[in-house]
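Presented below is the structure to which this report refers.
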Amino acid sequence: MTAADWSAIVLTAELAAVSTLLLLLLGTPIAWWLARTRSRLKPVWASLVAMPLVLPPTVLGFYLLVLMGPLGPVGQLTQSLGVGRLPFTFAGLVVASVLYSMPFVVQPLQQAFEAIGERVLEAAATLRAGAWDRFFTVALPLARPGLLTASVLGFAHTVGEFGVVLMIGGNIPGTTRVLSVAIYDHVEASEFADAHRLAAFMVAFALLVLVTLYVLNRPARDDPGTAR
Amino acid sequence: MKCCFQQILMGAALGLATLLAQADEVSVAVAANFTGPLARIGEGFASATGHVLKVSSGATGKFYSQIAAGAPFQVLIAADDETPKKLIAEGLAVTGTNFTYAIGKLVLWSAQPGFVDDQGAVLASGKFAHLVIANPKLAPYGQAAVEVLKARGLVNAVTPKLVTGESIAQAYQFVATGNAELGFVALSQVAVPGKPVSGSSWLVPQSLYGEIRQEAVLLKAGENSPAAAALLAYLKSAPARSVIQSFGYGP
């Protein structure tokens, strides 16, 4: 591993960690709302969250480049707030990753919340637990397997991100050149030895993450969120 | 009356069939800077020969990897003269078919009017947050941009602001959307014939970078294709040459 390799690995880990944290903070309330709501607009909101699963990354990359650019509404907002423009920055990659990985975090959480069912929450309510109390001491602990799945998938999917980063990142070492882009760069330049080193690392990482996920989630599958 | 109509229809179908039999498809890999000119040349080529082009556009260095890996391109229209020579040396292109079709011109360009002066002094001003170049490992225009920065002694000053496009097309796109204030692009991308150059630009003097001799070559996959050979011949013809010059390329 060269210094450039390590820089790409560290950058990727940082991006994935920050994105996962934000995804959990934003995704948990969204998932909770989607799991509990009786709104007729629920399918619309659920679809909006799931859009990145269906859309090619180029669509997201293209719109982000235009929207976050100096003439786009998001770009004008960030500039007027004094943050500057987001493309070619780490913050820009975080915004893109959060949008792109959102379904991978919201969907497992939503399923976990839905599996809890009304009865436990009603029981908690009769014991005078308030709404926040019910959420933090009943729902969240019961949804732990979903929380774990969401975290791991959010992290792993951000590590595996490529198209969006390529389109808005600008391939800057230490700032936006994440692992997937570094590998692409090496392959396109016929630097196969360099590409192999990083690609093999990625394969090992992906396998490790998924095996961990399946091992940790095994008991939950035997007992899918039954109230105890 | 009905019989005549049928005859006309039959005749038309027959005519179409002969036309289709002659019309061939040429798959072309073209350097991103030459995509615009090739689209125009392709129209003239189609009406002159009936053949149509199937065009893939990207950085020359990428095409090298793809062709070495067996990509089915019949013709490469490169942005340098090294890649075609290397392909010939490695037996991936046909000996003796490479020729210079254009001399590329490098431009420092901004989408904002009045941002770039005609001496390129803006490069040393530090007034910009991002400067885009094409990937110097893959794109000859990116390599040329690095030479310009070296000649001006600005490599260290500019490196923290450097953004790399995967081809000259992405470099252009970053500047065109305003996400980067400045970028080194090909003159052919901003000198679209019949349209005024938008924004502001500095045509970089040839003394600051090595001449970008752009060569085309017949690849092994096109060795037995008359249509591919016809395209290379057409590229040397007067109509094609006038299109090439109208996009600002040197002779």
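So the values come out like this:
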item: Scan of region B:120-144 for residues that are within 11 Å of chain A (Cβ to nearest Cβ) and basic (Lys, Arg), ordered by number; result: B:LYS137
item: Which listed residue, of A:LEU93, A:LEU23, A:LEU41, is surrounded by 20 or more Cβ atoms within 10 Å (Cβ to Cβ) and more than 14 Å from chain B (Cβ to nearest Cβ); result: A:LEU23
item: Qualifying position, being at positive phi, modelled with pLDDT under 95, in contact with a strand residue (DSSP E or B) (Cβ under 8 Å, 6 or more places away or on another chain) and within 14 Å of chain A (Cβ to nearest Cβ), among B:GLY178, B:GLY199; result: B:GLY199
item: Some residue of region B:138-151 being within 26 Å of A:GLY84 (Cβ to Cβ) and assigned to a loop (DSSP other than H, G, I, E, B); result: no
item: Region B:159-169, subset within 14 Å of B:LYS62 (Cβ to Cβ) and buried (at least 24 other Cβ atoms within 10 Å of the Cβ), residue nearest to the other protein chains (Cβ to nearest Cβ); result: B:THR164
item: Residue within region A:66-82 that is surrounded by fewer than 19 Cβ atoms within 10 Å (Cβ to Cβ) and either within 17 Å of the chain's Cα centre (by Cα) or among the acidic types (Asp, Glu) (or both) present; result: no
item: Members of region A:138-184 that are crowded, with 21+ Cβ neighbours inside 10 Å and part of a loop (DSSP other than H, G, I, E, B); result: A:ALA143, A:GLU161, A:GLY170, A:ASN171, A:THR176, A:ARG177, A:VAL178
item: Near pairs, Cβ below 7 angstrom, 6+ apart or cross-chain, from region A:170-190 (within 7 Å of chain B (Cβ to nearest Cβ)) to any residue that is among the small types (Gly, Ala, Ser) and buried (at least 21 other Cβ atoms within 10 Å of the Cβ); result: A:GLU188/B:GLY61; A:ALA189/B:GLY61
item: B:VAL204 being away from every other protein chain (no Cβ under 14 Å) and farther than 30 Å from B:ASP24 by Cβ; result: yes
item: Condition broken by A:MET51, with the remaining ones in (1) within 12 Å of the chain's Cα centre (by Cα); (2) away from chain B (no Cβ under 14 Å) satisfied; result: (1)
item: Check on B:SER225, over 19 Å from the mean Cα position of the chain (by Cα), surrounded by fewer than 21 Cβ atoms within 10 Å (Cβ to Cβ), farther than 24 Å from B:ILE88 by Cα and small (Gly, Ala, Ser); result: no
item: Candidates A:GLY61, A:GLY84, A:GLY69, filtered to the one that is within 14 Å of chain B (Cβ to nearest Cβ) and part of a helix (DSSP H, G or I); result: A:GLY61
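The values are calculated or read from the model by the stated rules, or taken from the named source; none is laboratory data. Predicted model only: the values in this text are computed from it and were never measured. Neighbour counts run over all protein chains shown; Cβ positions are idealised from the backbone, glycine included.
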